[in-house]
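Asks: Please read through the structure below; I'll follow up with questions.
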Amino acid sequence: MALFLLYETSSGYSLFVANGLDEIGQNTEAVRNSVSDLNRFGKVVQLTAFHPFESALDALNQCNSVSEGIMTDELRNFLELNLPKVKEGKKAKFSLGVAEPKIGSHIFEVTKIPCQSNEFVHELLRGVRLHFERFIKDLKPGDLEKAQLGLGHSYSRAKVKFNVNRVDNMVIQAIFLLDTLDKDVNSFAMRVREWYSWHFPELVKIVNDNYIYAKLAKFIDDKSKLSEDKLPALTDILGDEDKAKEVVEAAKASMGQDLSPIDLINVQQFAQRVMDLSEYRKKLHEYLVTKMNDIAPNLASLIGEMVGARLISHAGSLTNLAKCPSSTLQILGAEKALFRALKTRGNTPKYGLIFHSSFIGRASARNKGRMARYLANKCSIASRIDCFAESSTTVFGEKLREQVEERLDFYDKGVAPRKNIDVMKAAIGSAENKDTAMEIEEAPAVASAKKSKKKKSKSDTAENGEAEDKPTVNGGAAEDAKSEKKRKKEKRKLEQEQAVEKSNGTDRVDADEQDGTAKKKKTKKSKDQDTEELQDASGMKKKKKKSKGEV
């Protein structure tokens, strides 16, 4: 039984045939030793066909399909062209050796070519890989390495950019940066307070907010120069006139020491840096909210953007979070406490990162664990919908949030919540209604554009026909009769469409009919004017009236 070997390289597909091999009598170690010797290996394995790739993009596509275990059309044509043909109802007298069993099974399903993948085939393919440059004569030294390097870079780059719509890496990086910014802004603001308190210590007790304190430190500069003339500017910063007066009074009777102009300049510069960092933190938070609404809208509407982003970053990706069961999601972020409890045989933690949600804070102390378990269940459902749904919508997240609110009322007041199956049916119905509404909004726009194009083409053809057939009046009348018949048919079609689509199409069809009648009147007036200019005799006018009466 002949054995063919399929070898995929960065430059193309190659097919080898192994002659004089008895698989039962062959030992894998013997084959492994004989592979390194080209004289012995070249007598057994020979190249039969080689199909180069057309471009680097083609090589990347073929590599992606082979890695996923899919046979492309090029590979199928290459195998069917170079392998012996198998007659229907008869067993093949050869087999194809492949490196991956997945692609071998796909080749057998499509082409009925028997494939095998074992240690014996792998050793033969290793020998082919070792001596491949010597099998192909026209291959220059270094070409194969360049092709492998280019294909490797493009393949890894494509894998990094694999899922463009679900770019949850941006959310992970943004939430990490947001946490570090919070720590840095707090530490820098404390440093501004401590530094400026040597000059104006009373300001710390009056102003509690770090951002406003940094603004005031930059605005006041030297406390001795602060007077009542600056009260309007102080009220704009503080938002309270009483506090502004209190700051002015405190500056007059301050116990702080005087600072040199250079020290005050450094304090001002540092306060400006703190303000810039806090403003950038606000912009980053807005960016994170928009990204979460794009990537995980249901999870964000259920538990909030910040807690949802922390769950995604802790799990590693949205896909990993969707794979987690609700019990794992419940204690996500409390791993240390969990393993400590398992080690000491104590009580395991009831919640992890989802503790920052407002639902658990609103629940009573005895119901916090039950609420955390229920919320984790709904979060796992929302993350799976966000991960695997084709269209993004917030309907399911809003319905799940309503369920959590009902469960809170059930724990507090005893009001029975709705069943999960009823809520999910309502959510699916509302999501389908939204999709159909979007399709209906898009369809009339396309239909109106097509109708306008048809009307323009009809008006152009009518004008051209009038320009050509001006001398013959009877011929123009016949064309008018035909066009009127066509318009009647169109009217019937429009009436049928109105009967089918009463909800959306009535107003638009009436408008189209009014436009059509107005255009008919205009065309008739233009035709009357043209015929009056052309026809000099009164007998011609009578003929025209008769022809119109007949129509």
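The values are calculated or read from the model by the stated rules, or taken from the named source; none is laboratory data. All values derive from a computational prediction rather than experimental measurement. Note that each Cβ is placed from the backbone with ideal geometry, even for glycine, and that neighbours are counted across all protein chains shown. The protein model used for the area step is the full one, side chains on, heavy atoms only, and it has no ligands, DNA or RNA in it. Shrake-Rupley method; radii C 1.70, N 1.55, O 1.52, S 1.80 Å.
Asks: Please give the per residue accessible area of the stretch 2-160, computed with a probe of 1.4 Å over protein heavy atoms only, in Å².
Replies: With all protein chains present, the stretch 2-160 gives 60 Å² per residue.
Asks: Taking the Cβ of V415 as the center, what net charge do the other residues with Cβ under 12 Å away carry, scoring Lys and Arg +1 and Asp and Glu -1?
Replies: Local net charge: -1.
Asks: I'd like to compare 194-201, 85-92, 144-151: which one has the highest average count of other Cβ atoms within 10 Å, and what's the full order after that?
Replies: Highest mean packing first, the order is 194-201, 144-151, 85-92.
Asks: Quick one: which residues, 5+ away or cross-chain, put their amide H under 5 Å from the amide H of C115? H built at 1.01 Å from N.
Replies: Answer set, sorted by chain and number: L96.
Asks: Now, a different point. Determine the shape class of the stretch 296-436: with a ≥ b ≥ c the square roots of the Cα gyration tensor eigenvalues, call it rounded for a/c under 1.5, and otherwise prolate if a/b is greater than b/c, oblate otherwise.
Replies: Judged from the Cα gyration tensor, the stretch 296-436 comes out oblate (a/c at least 1.5, b/c at or above a/b).
Asks: Looking at the square roots a ≥ b ≥ c of the eigenvalues of the Cα gyration tensor of the stretch 2-160, which shape do they give, rounded for a/c under 1.5, prolate if a/b is larger than b/c, or oblate?
Replies: Oblate.
Asks: Would you mind counting up the charge near A341? Only other residues with Cβ under 12 Å from its Cβ, with Lys and Arg at +1 and Asp and Glu at -1.
Replies: Surrounding charge for A341 is +4.
Asks: A further question follows. In the stretch 170-284, what percent of the accessible surface is made up of carbon and sulfur (1.4 Å probe, ligands and nucleic acids excluded)?
Replies: It is 54 percent, rounded to a whole number.
Asks: Oh, and also: For I262, what is the net charge nearby, where nearby means another residue's Cβ is under 14 Å from its Cβ and Lys, Arg count +1, Asp, Glu -1?
Replies: Neighbour charge sum, excluding I262 itself: -4.
Asks: If you roll a 1.4 Å probe over the stretch 2-160 with all protein chains in place, what percent of the accessible area is carbon or sulfur?
Replies: 52
Asks: Counting just the Cα atoms, what span does the stretch 167-244 cover along each of its three principal axes? Round to the nearest Å and put the largest first.
Replies: Principal extents (largest minus smallest coordinate, Cα): 54, 25, 18 Å.
Asks: While we're looking at this one, here's another question. If you filter the stretch 315-396 for trypsin sites (Lys or Arg not before Pro), then keep DSSP loop positions with at most 11 other Cβ within 10 Å, what is left?
Replies: The qualifying sites are R345.
Asks: HN-Hα J couplings of the stretch 233-246 from phi, Karplus 6.51/-1.76/1.60, θ = phi - 60°, integer Hz, Gly and Pro as x?
Replies: 5, 5, 5, 5, 6, 7, x, 8, 6, 5, 5, 4, 5, 5
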